[in-house]
Amino acid sequence: MNALVRAVEVRKSFGTFEALRGINLDIEHAEVLCIIGPSGSGKSTFLRCINQLEIIDQGALMVDGELVGFRRSGDKLHQLSEREIARQRLATGMVFQRFNLFPHLTALQNVTEGPVQVLRRGKAEATQEAMDLLARVGLADKAGNYPSQLSGGQQQRVAIARALAMKPKLMLFDEPTSALDPELVGEVLGVMRDLAASGMTMVVVTHELGFAREVAGRVVFMDRGEIVEMGDPNQVLEKPSHPRTQEFISAVLA
Ligand SMILES: Nc1ncnc2c1ncn2[C@@H]1O[C@H](COP(=O)(O)OP(=O)(O)OP(=O)(O)O)[C@@H](O)[C@H]1O
Ligand SMILES: [Mg+2]
């Protein structure tokens, strides 16, 4: 089968600063890929390019066989319209470090908002599915709570349910637990572990090396806009072949 995500020589600069310097990566269907690396190495930028929060400068990104953000005609590339970008973006769910829930909506309304407003689904059906999703993330009893009435871990689980409600092909997580108090990290990782087991394709930027070791099919180590090393979690995390990987892992574990 073709890769669900394919990155070929992806480059992205901000002014003269090169945040991504030629990323090559295939992500298979149902694969869980964890990305680790120091601050500023381009991890978020890479996720943001997949989700078209940034537009790549060079190379190509494909999701499910479609070129992301561009249409090819002959040997020319044309940027897609906002409308086409919005359609492509629906294939990808994204969960951020900060939960970004709508503060004026309940947990349930946060989850039904997208399906009803964007996908034009019926309210009753969307509500039923949202309740199922809230149950799946262990929050059936908090459906009526507003974000301010939820803990950080609960808010993040609502954010995951909200992303899943759009039925994405791919889920991107950008340090989903790093804003949480330590005792709340486990419940969010638990939901992500279940999601991985259900066959969702996931790209997870994380400093939780234990989670990466246990759940990831592959681990990618990025540094200075490049993939320095990738492979089996045990290999990359336990016996990294590159000194920069070694250094980073020692620093995280210290
Ligand atoms: N919109 C922007 N404008 C200018 N520079 C940017 C922008 N976004 C990112 N950068 C720069 O690109 C580099 C990569 O940033 P990115 O956020 O991808 O790093 P990261 O690996 O996610 O780091 P962290 O672990 O701190 O989240 C950084 O040096 C950052 O300052
Ligand atoms: Mg980041």
Looking only at the stretch 212-221, which residues are in contact with a helix residue (DSSP H, G or I) (Cβ under 6 Å, 6 or more places away or on another chain) and surrounded by fewer than 23 Cβ atoms within 10 Å (Cβ to Cβ)?
Ala212, Arg213, Val215
Options Lys12, Lys43: the member that is within 16 Å of ligand 2 (Cβ to nearest atom), under 26 Å from Val236 (Cα atoms) and in contact with a helix residue (DSSP H, G or I) (Cβ under 7 Å, 6 or more places away or on another chain):
Lys12
How many residues are under 21 Å from Ala163 (Cα atoms) and either in contact with a His (Cβ under 6 Å, 6 or more places away or on another chain) or surrounded by 16 or more Cβ atoms within 10 Å (Cβ to Cβ) (or both) if we restrict to the stretch 46-58?
8
Is it true that Met192 is over 20 Å from Arg6 (Cα atoms), crowded, with 20+ Cβ neighbours inside 10 Å and away from ligand 2 (no atom under 16 Å from the Cβ)?
yes
Failed condition for Glu187, given (1) free of Cβ contacts under 8 Å to residues at least 12 places away in the same chain; (2) within 24 Å of Ser151 (Cα to Cα); (3) not hydrophobic (A, V, I, L, M, F, W, C):
(1)
When residues of the stretch 159-189 are limited to those that are assigned to a loop (DSSP other than H, G, I, E, B) and away from ligand 1 (no atom under 16 Å from the Cβ), the one surrounded by the fewest Cβ atoms within 10 Å (Cβ to Cβ):
Asp181
Close pairs from the stretch 12-34: first closer than 12 Å to Met202 by Cα and in contact (Cβ under 8 Å) with a residue 60 or more places away in the chain, partner of a type in the set (Lys, Arg) and within 16 Å of ligand 1 (Cβ to nearest atom), Cβ under 6 Å, at least 6 apart:
none
Tell me yes or no: at least one residue of the stretch 200-223 is out of contact with any Lys or Arg (no Cβ under 6 Å at 6 or more places or on another chain), modelled with pLDDT of 95 or more and at positive phi.
no
Tell me, please, whether a residue that is within 14 Å of ligand 1 (Cβ to nearest atom) and out of contact with any Asp or Glu (no Cβ under 6 Å at 6 or more places or on another chain) can be found in the stretch 97-109.
yes
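Confirm whether Gly231 is touching a Lys or Arg at 6+ places or on another chain (Cβ under 8 Å), within 25 Å of His29 (Cβ to Cβ) and among the small types (Gly, Ala, Ser). I'd like the intermediate steps shown before the answer.
Numbers: touching a Lys or Arg at 6+ places or on another chain (Cβ under 8 Å): yes; within 25 Å of His29 (Cβ to Cβ): yes; among the small types (Gly, Ala, Ser): yes.
Yes.
The values are calculated or read from the model by the stated rules, or taken from the named source; none is laboratory data. If you're wondering where the values come from, they're calculated on a predicted model, not measured in any experiment. A quick note on method: Cβ atoms are made from the backbone with ideal geometry, for glycine too, and the neighbour counts reach across all protein chains shown.
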